[in-house]
Number of protein chains: 2
Amino acid sequence: MPGAFSSDDEVELRQAERDVNAVFIDESFDFEALLAVSNVFRAATAVRSHMEREVLARHQLGWSAFVVLFVLRVWGPKQSNELASEAGITGGTLTGVLNTLERRGLVKRAEHPTDGRRLVVSPTAKGRRTIDEIMPVFNQHEAIVTSGLTGDDRTQLARLLRTVLRTLDTEV
Amino acid sequence: MPGAFSSDDEVELRQAERDVNAVFIDESFDFEALLAVSNVFRAATAVRSHMEREVLARHQLGWSAFVVLFVLRVWGPKQSNELASEAGITGGTLTGVLNTLERRGLVKRAEHPTDGRRLVVSPTAKGRRTIDEIMPVFNQHEAIVTSGLTGDDRTQLARLLRTVLRTLDTEV
DNA sequence: ACAATATCGTTCGGTAGCGAACGACATCGC
DNA sequence: GCGATGTCGTTCGCTACCGAACGATATTGT
């Protein structure tokens, strides 16, 4: 979303609001909602690319590959289905991510013992070692990224975002 | 990031914290930072896919194509450089997005009058019509997505996220 | 039993998305 | 006035990412 919407400068922000309203002339236009959505998206992009550049790049891992590996490390072997949902990606995307991870020897696919449709994914020893190496640095950068916020702010932020997530879950 | 981290259930959340701490044994592990980052990312993904599904799909536009078109509609012809920065994508990505938009006849590339390196991008009439049609619905969905928040909450959310963005801007 | 139905993971076509390398053009220093 | 340096947009290789279609396997209803 446009950079002007995440400006710190109140004057610039109000100018952007005027610019938008000049084009979309509508009494019910909700600029605050636009700002909130816009900033959620910009922050996510900025955080993600920061993490990929500063932490994940040297391990040749993208964000999703990292998340999948993290889930497997903490909660152990998982079936593909649940893994996709935990990682917040679709099944089709997971197939690609698993191909990448398997090629690098970080993950292993295995058949489900009783259900022929299912697939069980496990981290390899190398996969566990990799995530153990990454995680402390990753978390350190999470702390850096949120260092402008007080403890209360962080909790508040998480709460507000959970509200948005809950709305989306139930609204659809 | 793992779905457990955005749970509304406090018990489940604390269990997830225990699970993580059981694996990454580290006194200084910052779970609140993990939660904040995780939720920013999950919320952004959820919002984006909601918008793409409910609003943009019928116009065959992805998020970035929409943002680029929006910027051009509100602020008029722009040079490629600034356009990428406003839309929050890199130059390489913009080239692809512009190809898509140009193929659909929503945007036009033109040479800069004096500087041979530069490129000026303008919306076509069809491009303006398209965004004018989309925007009211889009904004309505932005309002829906944030309908669980009070007015104060929205402002607060935008403020907290701007703080994160500012941290990332200056920290790097 | 056994067809209808549901649920898996994968495939496919399309759109992003990044960083690095590249070639075209501009500008600066002298 | 012309090389060194900087700044454009594009290309390239790679990784994602989605929804729809697909084939294989399970389950359910009767």
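Relative contact order, whole percent, for the range A:1-58 stands at 41, derived from Cα pairs under 8 Å and 6 or more residues apart. With a/c under 1.5 counting as rounded, go ahead and sort the range A:113-161 into rounded, prolate or oblate using the C-alpha gyration tensor (a ≥ b ≥ c being the square roots of the eigenvalues; past the cut-off, prolate if a/b is larger than b/c, else oblate). It comes out oblate by the Cα gyration axes. Put a dot 7 Å past the Cα of A:Ser85, heading toward its Cβ, do the same for B:Ile25, and the two dots end up 3.3 nm apart.
Between this copy and the others, label points of B:Lys126 are 5.0 nm apart in ascending order, each placed 7 angstrom from Cα in the Cβ direction.
Its relative contact order, with pairs defined as Cα atoms under 8 Å and 6+ residues apart, puts the range B:86-172 at 15 percent. About its Cα centre, chain A has a charge dipole of approximately 1460 debye under the convention of +1 per Lys or Arg Cβ and -1 per Asp or Glu Cβ, with nothing else charged.
Taking the axis that rotates chain A onto chain B, the chain A residue nearest to it by Cβ, with the distance rounded to whole Å, is A:Ala44, 2. Residue by residue along A:17-29, Cβ atoms of other protein chains within 10 Å of the local Cβ number 3 on average.
Taking other C-beta atoms within 10 angstrom as a stand-in for reagent exposure, A:Leu161, A:Leu98 fall in the order A:Leu98, A:Leu161, fewest first. Between B:Asp152 and B:Gln60, the FRET efficiency from the beta-carbon distance, with R0 = 30 Å, is close to 0.20. Modelled spin labels at B:Glu52 and B:Arg109, positioned 7 Å past Cα toward Cβ, are 2.4 nm from each other.
Using C-alpha pairs below 8 Å separated by at least 6 residues, the relative contact order for chain A is 16 percent. Shielding of peptide A:134-145 by partners, expressed as the average count of other chain Cβ atoms within 10 Å per residue Cβ, is 5. Partner shielding of B:76-88 amounts to 2, given as the average count of beta-carbon atoms from other chains within 10 Å of each residue beta-carbon. The same position B:Gly91 in the other copies lies at 4.3 nm from this copy, comparing label points 7 Å beyond Cα toward the beta-carbon, shortest first.
Taking the number of Cβ atoms within 10 Å of each Cβ as an exposure proxy, the fewest-first ranking of B:Arg58, B:Arg159, B:Arg42 is B:Arg58, B:Arg159, B:Arg42. The same position A:Ser147 in the other copies lies at 4.1 nm from this copy, comparing label points 7 Å beyond Cα toward the beta-carbon, shortest first. Bridgeable aspartates and glutamates around A:Lys126 (alpha carbons under 18 Å apart, same-chain partners fewer than 8 residues away excluded): A:Glu102.
Values in this text are rule-based calculations from the coordinates and carry no lab data. Treat the numbers as computed from the prediction; the structure is a model and nothing was measured. Here the Cβ is made from the backbone with ideal geometry for all residues, glycine too, and neighbour counts use every protein chain on show.
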